[in-house]
1. Would you check if ARG118 is modelled with pLDDT under 90 and of a type in the set (Lys, Arg)?
2. Tally time: how many residues in the stretch 17-32 are touching a helix residue (DSSP H, G or I) at 6+ places or on another chain (Cβ under 7 Å) and either modelled with pLDDT under 75 or not aliphatic (A, V, I, L, M) (or both)?
3. Of the residues that make up the stretch 33-52, is at least one at pLDDT below 65 and surrounded by 12 or more Cβ atoms within 10 Å (Cβ to Cβ)?
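The values are calculated or read from the model by the stated rules, or taken from the named source; none is laboratory data. These numbers were taken from a predicted model, which means no experiment stands behind them. Positions of Cβ are backbone-derived with ideal geometry, glycine not excepted, and every protein chain shown enters the neighbour counts.
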Amino acid sequence: MLRPLLLLRSLSYPRGRVLMDQEKLLYFKGLLEGMLHDLLVEAGKTATDMRQDSNGDFPDPTDRASLESDRNFLLRIKDRERKLIMKVKEAMDRVDNGTFGICESCGRPISEKRLMARPVTTLCIECKTEGENQERMERQRGTKVRRSFPS
Ligand SMILES: [Zn+2]
């Protein structure tokens, strides 16, 4: 019931409104560029580590198993990094098109304090909290459904 409401609100979100002055936008753009740089360096390191692992020799099956679970861990990290890299790039696009700092759900400005702590955010704190509550409810419902159909 709450989902369609959220969708309607995001449709009425006023695109193209410039709420921040140029100086602040440049500051956040610099912040995002720094984040992107660090993420790309980290992602490159992870990829290099993975290549080195796969060239290794595995005489002990126990060691090999632990190494493979490590590699799964690296893949998860890499996936998280990739998602964050995309988020940073999207935030940089929003700086360019003038929608940075506007909540994409309610269209109100996101507080500067929140943007400083998390420049990639697309939601104000009120909408973020609402979204988290919904997610938690959906997760709980999902768990109940899975439990009633054991595999
Ligand atoms: Zn909002």
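1. no
2. 2
3. Yes, the stretch 33-52 contains at least one residue that is at pLDDT below 65 and surrounded by 12 or more Cβ atoms within 10 Å (Cβ to Cβ).
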